[in-house]
Amino acid sequence: MAKLKLTYFDFHGGRGEPARLALAIGGIAFEDDRLPLAEWSGRKGGTPFGGLPILEVDGQIVTQSNGINRYVGKLTDLYPTDPWQAALCDEAMDAVEDITIKMVATFDLPDAQKKAARQALVEGPLRLYVTRLQERLEAQGGLYFAGNRLSVADLKVFVWIDHLKSGKLDHIPTDLPDRIAPRLVEHRERVKALPRVRAYYAGHGIHE
Ligand SMILES: N[C@@H](CCC(=O)N[C@@H](CS)C(=O)NCC(=O)O)C(=O)O
């Protein structure tokens, strides 16, 4: 088995979390390299595209979170082998990327501008992506985004909905998903309740 090292920031969530979860669920040993945010400015310039996560496989590195998700999904049987189901899995992951990029664009705004930008997001793209992702989930039967079983798409959407509901995003109402996409909230609860997901978070001192 290849030697894996996944480098991401030292918080739970974000673009690195689905791969951490997939590897934990799949029982694949990896070095969980968690970079303190304070060290990032000194490291950024040495990374291929100036961002994390980075996956190192036997000394070679690869970037781009969804590509990493696909790779670890293949290692852990959490990425569909059927091409159509794989496309559905990719669709959900890329949709989360789309809306993540719009949210990240508000991070460094001064507070008044951030508030206005996030209110516009809530009324526009955020509402659209949440409701449309729920529709895509329901179109596949309501339980999983692809292949009628857990995949890295479920992990990515779970991490995103968890973040939206966390209260860590100022000016984003934490009950937005509950109000407009209750099936996505149920999906989040289902993923969170998986024994290996619970064990992963318990191992990090998180018992919810
Ligand atoms: N397209 C890249 C984006 C990577 C990215 O922007 N990652 C964020 C963390 S989620 C980051 O490194 N931010 C710090 C920075 O841009 O300086 C991917 O999907 O991995």
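The values are calculated or read from the model by the stated rules, or taken from the named source; none is laboratory data. These figures come from a predicted structure and were not determined experimentally. Every residue, glycine as well, gets a Cβ built from its backbone with ideal geometry; the counts of neighbours run over all protein chains shown. Remember, those area values only see protein heavy atoms, side chains included, never the ligands or the DNA or RNA. Shrake-Rupley method; radii C 1.70, N 1.55, O 1.52, S 1.80 Å.
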Can you list the helices (runs of 4 or more DSSP H) found entirely within the range 151-208 that contain at least 2 residues being farther than 21 Å from Gly26 by Cα and free of Cβ contacts under 8 Å to residues at least 60 places away in the same chain? 152-164, 176-180, 182-192
For the range 47-79, which positions are surrounded by 13 or more Cβ atoms within 10 Å (Cβ to Cβ), β-branched (Val, Ile, Thr) and not in a loop (DSSP other than H, G, I, E, B)? Ile54, Val57, Val62, Thr63, Ile68, Val72, Thr76
Of the residues that sit in the range 13-46 and are farther than 30 Å from Lys165 by Cβ and in a loop (DSSP other than H, G, I, E, B), which one is nearest to the ligand (Cβ to nearest atom)? Gly45
Going through Ala86, Ala2, Ala22, Ala29 one at a time, which residue ends up being hydrophobic (A, V, I, L, M, F, W, C) and free of Cβ contacts under 8 Å to residues at least 40 places away in the same chain? Ala29
For Thr100, state whether it is more than 25 Å from Arg20 (Cα to Cα), among the polar types (S, T, N, Q), surrounded by 16 or more Cβ atoms within 10 Å (Cβ to Cβ) and modelled with pLDDT of 95 or more. no
Meets criteria (at pLDDT 95 or above, under 19 Å from Ala19 (Cβ atoms) and either open to solvent by 30 Å² or more (accessible area, probe 1.4 Å) or out of contact with any Leu (no Cβ under 9 Å at 6 or more places or on another chain) (or both)) for Lys192: yes
Using the structure shown, decide if Asp162 is surrounded by 15 or more Cβ atoms within 10 Å (Cβ to Cβ), of a type in the set (Asp, Glu) and farther than 25 Å from Ala117 by Cβ. no
Considering (1) within 12 Å of the ligand (Cβ to nearest atom); (2) within 18 Å of the chain's Cα centre (by Cα); (3) aliphatic (A, V, I, L, M), say which one Ala95 fails and leave the rest. (1)
Which one is nearest to Val96 (Cα to Cα) among residues in the range 106-141 that are without any contact (Cβ under 8 Å) to a residue 12 or more places away in the chain and open to solvent by 70 Å² or more (accessible area, probe 1.4 Å)? Leu128
